[in-house]
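Here is the structure we will look at, set down as structure tokens.
The values are calculated or read from the model by the stated rules, or taken from the named source; none is laboratory data. Fair warning: this is a prediction, and the values are worked out from it, not measured in the lab. Using ideal geometry, Cβ is built from the backbone for each residue, glycine included, and neighbour counts are taken over all protein chains shown.
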Amino acid sequence: MSILYVLMSIPIFCIIMCIIFNWNYYCKYITVIGALFIFLIALYLTTKLNSSNLFIGSKYGLIGIEGFGIVILLLIGFVNLCASIFSIGYMQIKSKRLIKRYYLNYSLFVFSMLIVPLIQEPNVVWIAVELTTLFSVMLVGFENTNKALEAAWKYVVLTLMGAGIALLGFLILYAAAKKAGIENYTWTGLEKIAPALSPILVKTSFFLILIGFGTKVGLVPMHTWLPDAHSQAPSPVCALLSGIETSVVLYVILKFIPIIQHVHGLNIFYLILIFGLISTGVAAILIIQVKDYKRLFAFSTVEHMGIILVAFSIVSYSGNISGMLQIIAHAITKSMCFYAAGVVLFLYNTREISSIKSLIKNSPFVGIYLLIAGLSIAGAPPFLVFFSEFSIIKSALYSRHYIMISFLAIFIIIAFFAIMNHISRMVFSKNNIKQNSIYMDNIPISMKIGLLLSGLPVIIFGIYPVWIYKIAKIAALSIGG
Amino acid sequence: MDTNISLLMNLNALAGGFFLVCAFFLVAGRQIGTCIKFFILESFFLACSAFLVGVEIKSFHLIGVGIINLITKVILIPYVLKLLLPSTVYTKREIEHVLNIPSSLIVSLILTIIGWFFAYPIMHQLGPWPALYVNIPIGISGFLLGAFTLTIRREAIPQLLGILAMENGAFFAGISLAPDLSVITELVAAFDILILVFVIGVLTRKIHEQTGTTFVGILKFLREEAK
């Protein structure tokens, strides 16, 4: 229990160290050490869970965590660790004042994401989700260019509009729970009282929250801000935004699954399915026309969020496991993609796909890395995304959702070819102008470490996914089996 | 419905009416200063409604909510905005609407009616209580009008006021939906809204520094065909 409070206070502690002691120069190292502690505590918590003990902390208090939350926590820990290491190299050319501002916002952003899975009271979770937006806006607009500021403005206005819609949903949910005579207003308390909840009120509130937080997750048609924000932010921040933040908000939406399942006469899983399929399909088609490689990965995030929703709309234990696997695979792989994109941006200083040619000759390390990242996010074997997508299709076939799965398979295939078309053009196409290859390998060592560290689990767990599968199973149990 | 409604509930209905009128003025206001004034008035009526319903059901939570709203939205938010933004933003000038004012008022009218229809099943489910019949439809209408303000404005501060008006609408409905919501939660929410105003204020200032205007309609640098 107390360990959860320690976990929450680590980013705040980092901020205090940076502000009070005025350690501008050491900010980056403090952040890395803090990130390491968060990751280790998350790992420790993972070992505490098994199929008979699904909860740490108080079920009816404010702070606690269950299996699904721990998966999110572990992913935050890992991506945050890689991003903080990668940031050292990324920020080294910036001025001292900017570095300090970056790390303050960064730690606040990590703090706001950490508290979402830890808080058990839905209304406070809404506040935490709004904080994730507010603390990340300055990071999105960090580069201070016209484009970055536009992206930040779009991001803040649209996601706060979504948060407003979700607020109405949460208030209606609260009224419904009070009417049903709830004692402790927490996720577990709601689950327990679910049979007595009024179906109309739960339906209204879930719809509002799906639309509202769906804006932040990037579901089509509320996705328009996402490719801009996720492509204009500094690369380590993109990794956090795309890899983790979307999953954190999706976690709040998915917490409704065990509640909806127990409300009498309420079947709204078709809503999740429709949003999921539309997001996957539209994003897959939009990937074909991108001209910017960071936007390419951002659209792929929209696609993956759709796939996750489709997995959970199957409503079976195996469907939930495969959804969990997809969340894990997406977070790890997408952050790796953005680190690779960050290095390419660092070398070429352009975001256009067409101006990057024969990367593999200019810088074999980055070329191979980008190729692996592209293959793994597109879903080629033997990487983790392939494993999770395969298990989604398998569990859908078991549940006889033939039409849905044929659509999903078509969209995944379109996205695969679209992504690989762009990536292979960047890596292999012939270049007439000769570039100095010594200059091209001039990448800061911290960036290389961040890259290698982020790529490790993508490859290891793709080949040997036993441990990941075990965690996914426990997480699936905690949202109703 | 029961005709024997207490004076406090009648006053609450009056506050609700004024709240809605302020939301309409927020849609139609021609100058930034006017918009801010009507937002302050709207927040004031929100606090009034919280006080009145709080006294009626003897809930200290709601009276606390009223005080928190009064302090943050009526006093602190305008102060923070004044502190953060260059004074040129407030100079008297007409701000552009995407729709002209008469047609946007007609759309607002339609939205208000839609809000009532949306509120009806919720009120019906939660049972007869005069505050529900006032606060939920007016809150949802205020919420929709805030969203509409957000969509028809191309200026930074009115867009921010649109977001805040949406949240005001949701909280206005919340007075009757969640009268016993803990004061701590409300306090954190109020703090959250202050951070919101601060962050958007800083971002607006940056946009003003970069582009020389707070007219966010010119932010079209990310369009793909613009290249």
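Below, the figures for the structure above:
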{"read-out": "Which numbered condition A:Gly367 misses (of (1) surrounded by fewer than 24 Cβ atoms within 10 Å (Cβ to Cβ); (2) within 22 Å of A:Val220 (Cα to Cα); (3) not basic (Lys, Arg))", "value": "(2)"}
{"read-out": "Top-ranked residue in region A:156-165 [being under 19 Å from the mean Cα position of the chain (by Cα), of a type outside the set (Ser, Thr, Tyr) and within 17 Å of B:Ala189 (Cβ to Cβ); ranked as nearest to the other protein chains (Cβ to nearest Cβ)]", "value": "A:Leu160"}
{"read-out": "Conditions (1) at negative phi; (2) surrounded by fewer than 23 Cβ atoms within 10 Å (Cβ to Cβ); (3) within 10 Å of chain A (Cβ to nearest Cβ): number failed by B:Pro128", "value": "(3)"}
{"read-out": "Residue that is modelled with pLDDT of 95 or more, surrounded by fewer than 22 Cβ atoms within 10 Å (Cβ to Cβ) and of a type in the set (A, V, I, L, M), where the choices are A:Leu40, A:Leu98", "value": "A:Leu40"}
{"read-out": "Test: residue in region A:93-111 that is more than 14 Å from every other protein chain (Cβ to nearest Cβ), among the charged types (D, E, K, R) and not in a helix (DSSP H, G or I)", "value": "yes"}
{"read-out": "Residue count, region B:188-227 (criterion: surrounded by 15 or more Cβ atoms within 10 Å (Cβ to Cβ), facing chain A (nearest Cβ under 10 Å) and either touching a strand residue (DSSP E or B) at 6+ places or on another chain (Cβ under 6 Å) or of a type in the set (Asp, Glu) (or both))", "value": "1"}
{"read-out": "Those residues of region B:136-147 which are more than 11 Å from the chain's Cα centre (by Cα) and more than 11 Å from every other protein chain (Cβ to nearest Cβ), in sequence order", "value": "B:Pro137, B:Ile138"}
{"read-out": "Candidates B:Leu144, B:Leu126 - the one that is aliphatic (A, V, I, L, M), modelled with pLDDT of 85 or more and farther than 18 Å from B:Ala13 by Cβ", "value": "B:Leu144"}
{"read-out": "Residue satisfying condition, being within 18 Å of the chain's Cα centre (by Cα) and either of a type in the set (S, T, N, Q) or surrounded by fewer than 24 Cβ atoms within 10 Å (Cβ to Cβ) (or both), within set A:Leu104, A:Leu114, A:Leu118", "value": "A:Leu118"}
{"read-out": "Condition met for B:Lys58 (surrounded by fewer than 24 Cβ atoms within 10 Å (Cβ to Cβ) and either closer than 10 Å to B:Val74 by Cα or acidic (Asp, Glu) (or both))", "value": "no"}
{"read-out": "Total residues in region B:111-125, condition surrounded by 18 or more Cβ atoms within 10 Å (Cβ to Cβ) and either facing another protein chain (nearest Cβ under 8 Å) or closer than 19 Å to B:Ile207 by Cβ (or both)", "value": "1"}
{"read-out": "Counted residues, region B:177-187 - those being within 8 Å of chain A (Cβ to nearest Cβ) and part of a helix (DSSP H, G or I)", "value": "2"}
{"read-out": "Residues (of a type in the set (Phe, Trp, Tyr) and buried (at least 24 other Cβ atoms within 10 Å of the Cβ)) located in region A:306-323", "value": "A:Phe312"}
{"read-out": "Subset of region A:227-245 [among the hydrophobic types (A, V, I, L, M, F, W, C) and either under 16 Å from A:Leu451 (Cβ atoms) or more than 14 Å from chain B (Cβ to nearest Cβ) (or both)]", "value": "A:Val237, A:Cys238, A:Ala239, A:Leu240, A:Leu241, A:Ile244"}
{"read-out": "Residues of region B:152-175 that turn out to be modelled with pLDDT under 90 and facing another protein chain (nearest Cβ under 9 Å), as a count", "value": "1"}
{"read-out": "Residue in region A:143-155 that is surrounded by fewer than 23 Cβ atoms within 10 Å (Cβ to Cβ), closer than 30 Å to A:Tyr185 by Cα and either aromatic (Phe, Trp, Tyr) or within 7 Å of chain B (Cβ to nearest Cβ) (or both) present", "value": "no"}
{"read-out": "Residue match in region A:182-193 (condition: surrounded by fewer than 24 Cβ atoms within 10 Å (Cβ to Cβ) and either at the interface with chain B (Cβ under 7 Å from one of its Cβ atoms) or under 21 Å from the mean Cα position of the chain (by Cα) (or both))", "value": "no"}
{"read-out": "Condition met for B:Ser104 (in a helix (DSSP H, G or I) and in contact with a strand residue (DSSP E or B) (Cβ under 8 Å, 6 or more places away or on another chain))", "value": "yes"}
{"read-out": "Verdict on B:Ile36 being over 19 Å from B:Leu99 (Cβ atoms), β-branched (Val, Ile, Thr) and not in a helix (DSSP H, G or I)", "value": "no"}
{"read-out": "Filtered residue count, region A:356-397, keeping only those that are of a type in the set (Lys, Arg) and part of a helix (DSSP H, G or I)", "value": "2"}
{"read-out": "Subset of region A:263-295 (residues that are of a type in the set (Val, Ile, Thr), touching a His at 6+ places or on another chain (Cβ under 9 Å) and more than 14 Å from chain B (Cβ to nearest Cβ))", "value": "A:Thr280, A:Val282"}
{"read-out": "Selected residue (only one of A:Ala229, A:Ala283 is over 17 Å from A:Val140 (Cβ atoms), in contact (Cβ under 8 Å) with a residue 60 or more places away in the chain and surrounded by 24 or more Cβ atoms within 10 Å (Cβ to Cβ))", "value": "A:Ala283"}
{"read-out": "From the options A:Ile412, A:Ile405, A:Ile392, A:Ile445, residue that is at negative phi and more than 24 Å from the chain's Cα centre (by Cα)", "value": "A:Ile445"}
{"read-out": "Subset tally (residues that are over 14 Å from A:Thr301 (Cα atoms) and not in a loop (DSSP other than H, G, I, E, B)) for region A:254-276", "value": "14"}
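This table checks each residue for (1) within 21 Å of the chain's Cα centre (by Cα); (2) acidic (Asp, Glu); (3) over 15 Å from A:Gly323 (Cα atoms).
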| site | (1), (2), (3) |
| --- | --- |
| A:Leu240 | yes, no, yes |
| A:Ser247 | yes, no, no |
| A:Leu250 | yes, no, no |
| A:Lys255 | yes, no, no |
| A:Ile259 | no, no, yes |
| A:Gly265 | no, no, yes |
